[in-house]
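Asks: Structure provided below as structure tokens; questions to follow.
The values are calculated or read from the model by the stated rules, or taken from the named source; none is laboratory data. Here the structure is a predicted model, which is why all the values come from computation and not from measurement. Cβ placement follows ideal geometry from the backbone for every residue including glycine, while neighbour counts extend to all protein chains displayed.
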Amino acid sequence: MKILLIILLNLFNLAHANLPDLFGASAANMSVGSQANSDSAANNYYAPSLLSFSKETRFSFDVFYVHTNFKEINNVVIENDVTTVNSNKSGDVKVNQTPSAHFGAHLSTPIFSPDGVKLNLSVYAPFDRLLEGNTGDQYKPRYVMYDSQFIRPIIHLNLSHQVKDWGFALGAQTGTQTNGDAVFITKTESGTNSLGKISYNAKPSLALIASIAKKWDEKQISYFTFNQEMKSNFKSKAMGETDISGSGTFPFDFDLDSTMFFDPMIIRAGHQFLTTAHQIFFSVEFQKWDNYEGSHLRIKKRGGSLNGSHNYESIDSKNIFIPKIGYRRDINDRWSGSMGYFYRPSPINSNTLKNAGNSIDTDKHVASIGATYKIPVSKKIINLDFGYQAHFLKSSRITKTDDQEDGQSGGKIGSPGYKIGGMIHALSTGISWMY
């Protein structure tokens, strides 16, 4: 049975937030508070309608490095009778994963003429792997938005067009739905062999992106963007039997289900003040997390002798508003500096952590700085961008209630309690140009 679950858990990836949403679409976007700036191809993520006002082909390529520094969780219950077979153990929980490196590539180009329809494409992916999958332990403490959850590829594809002082864009974000079947015959008798087979398929899923922008004059632009919720699931059937030496045969027949990733519905509204030397950016995001659910693997018994799983964790999610502000100033003909700030309340109520489950997320203040160096090449400008973000997570103490998750005597996973909070460091450097 353990062999079955280990193989299945490695067949799919899971995520509950993506890289540009958490840290920024590019180094330039990151440095002004993770929002659209004036003229970058990376605006395709935040407000693709802004690209309709451009008459040139624009490129952007950026590298990201993310390092978490959460508070350590030590000397807590990590195993009990609910999560193991008659085992109770205390120890430390690893909450800081290996730092990760990613890239983002963006293209915005007129299809037929400089005044015509623009094609806008953005691709994000980790450098050293195609994706990372981990349902996680639904009881052990982990920061669910950052524990490998954003390590996955995403693609944004839009078409945009200008009509007088208005810009319009329509497109989609890509995702996947995965289905499979597994059959296992496992044996423990000496001289007998186990066998099995797995089949699965993945099909694309799409989330709508719609955006509109208004250019009031040469110095002011407003935009509005709608991103549809995207929720992809892994579903599989697992059946077979286990031969336990001396105890007979135990057939099993399960439905396996897990949320692969969840991107909330997002509504963005922003305004930009643009002058020769100064640029000011304002925006606010509404994110709808009503349909969020944990990524743990759900095992539903359809038949056989072995029991299915039970989810004792109850996640209390909520919708959130994220205000953002950014500022950029030209220092001289070559250099410009930028800074930004945003506040992101957690969509998960941490008050429920005292009960069963340890899906951690917390409110955070995010400050950013950056710089751009301009290189003239053949009457065009190549920008070298640098950005840094510091995420300051709200600290609090979690004290677990008495008894195990199923109500029996003992300690819950995470007992007696622990502190949450810490910092996240995100660095990015990139190059952008147009012709």
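Asks: Among Met339, Met434, which is the only one that is touching a residue at least 40 places away in the same chain (Cβ under 8 Å), touching a Lys or Arg at 6+ places or on another chain (Cβ under 6 Å) and not aromatic (Phe, Trp, Tyr)?
Replies: Criteria check complete, one pass: Met434.
Asks: Restricting to the stretch 337-357, name every residue that is buried (at least 21 other Cβ atoms within 10 Å of the Cβ) and in contact with an Asp or Glu (Cβ under 6 Å, 6 or more places away or on another chain).
Replies: Ile348, Ala356, Gly357
Asks: Still on this model: Need at least 1 residues that are of a type in the set (S, T, N, Q) and farther than 27 Å from Val366 by Cβ per element, so show me which strands (runs of 3 or more DSSP E) inside the stretch 60-128 make the cut, counting only ones lying wholly within it.
Replies: Once the strands (runs of 3 or more DSSP E) in the stretch 60-128 are filtered for at least 1 residues that are of a type in the set (S, T, N, Q) and farther than 27 Å from Val366 by Cβ, what remains is 73-79, 89-93, 100-110.
Asks: Looking for whichever is touching a residue at least 12 places away in the same chain (Cβ under 8 Å) and in contact with a Gly (Cβ under 9 Å, 6 or more places away or on another chain) here; the options are Asn358, Asn351, Asn319. Which one fits?
Replies: Asn358
Asks: What strands (runs of 3 or more DSSP E) lie completely within the stretch 344-435 and have 1 or more residues being touching a helix residue (DSSP H, G or I) at 6+ places or on another chain (Cβ under 7 Å), closer than 30 Å to Leu107 by Cα and among the hydroxyl-bearing types (Ser, Thr, Tyr)?
Replies: 364-377, 417-434
Asks: So, in the stretch 259-291, how many residues would count as being modelled with pLDDT of 80 or more and surrounded by 21 or more Cβ atoms within 10 Å (Cβ to Cβ)?
Replies: Selection size over the stretch 259-291: 11.
Asks: Counting only residues that are surrounded by fewer than 20 Cβ atoms within 10 Å (Cβ to Cβ) and in contact with a His (Cβ under 8 Å, 6 or more places away or on another chain), which one in the stretch 375-391 is farthest from Asp402 (Cα to Cα)?
Replies: By that ranking, first place goes to Tyr388.
Asks: Taking the condition at pLDDT below 75 and closer than 30 Å to Leu157 by Cα, does Gly246 pass?
Replies: no
Asks: Would you call Pro114 at pLDDT below 90 and surrounded by fewer than 16 Cβ atoms within 10 Å (Cβ to Cβ)?
Replies: Yes: the conditions hold for Pro114.
Asks: Let me ask something else. Need the failing condition index for Met339 against (1) more than 24 Å from the chain's Cα centre (by Cα); (2) in a strand (DSSP E or B), just the number.
Replies: The single condition Met339 does not satisfy is (1).
Asks: When you check Arg142 against the structure, is it within 17 Å of Thr68 (Cβ to Cβ) and either over 24 Å from the mean Cα position of the chain (by Cα) or at pLDDT below 90 (or both), yes or no?
Replies: Judged against the criteria, Arg142 is a match.
Asks: Can you name the residue in the stretch 248-258 that is surrounded by fewer than 21 Cβ atoms within 10 Å (Cβ to Cβ), touching a strand residue (DSSP E or B) at 6+ places or on another chain (Cβ under 9 Å) and not hydrophobic (A, V, I, L, M, F, W, C) and, of all such residues, is nearest to Ala202 (Cα to Cα)?
Replies: Ranking the candidates gives Asp257 first.
Matching residues to (1) buried (at least 18 other Cβ atoms within 10 Å of the Cβ); (2) farther than 27 Å from Thr68 by Cβ:
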| site | (1), (2) |
| --- | --- |
| Tyr373 | no, yes |
| Ile398 | yes, no |
| Gln404 | yes, yes |
| Lys412 | yes, no |
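Asks: Also: Taking Ser314, is it at pLDDT below 85, part of a loop (DSSP other than H, G, I, E, B), crowded, with 19+ Cβ neighbours inside 10 Å and at negative phi?
Replies: no
Asks: Continuing with the same structure: Can you report the number of residues in the stretch 154-208 which are of a type outside the set (A, V, I, L, M, F, W, C), in contact with a Phe, Trp or Tyr (Cβ under 8 Å, 6 or more places away or on another chain), more than 30 Å from Phe252 (Cα to Cα) and at pLDDT 80 or above?
Replies: Looking only at that region, the number is 6.
Asks: Something else about it: Among the residues of the stretch 58-71, is there at least one that is surrounded by fewer than 19 Cβ atoms within 10 Å (Cβ to Cβ) and free of Cβ contacts under 8 Å to residues at least 60 places away in the same chain?
Replies: no
Asks: If you take the residues of the stretch 358-367 that are surrounded by fewer than 23 Cβ atoms within 10 Å (Cβ to Cβ) and not polar (S, T, N, Q), which of them is farthest from Tyr418 (Cα to Cα)?
Replies: Only one residue fits best here, namely Ala367.
Asks: Shifting gears a bit: What single numbered condition from (1) more than 30 Å from Leu157 (Cβ to Cβ); (2) modelled with pLDDT under 95; (3) not polar (S, T, N, Q) fails to hold for Gly104?
Replies: Result: Gly104 passes all but (1).
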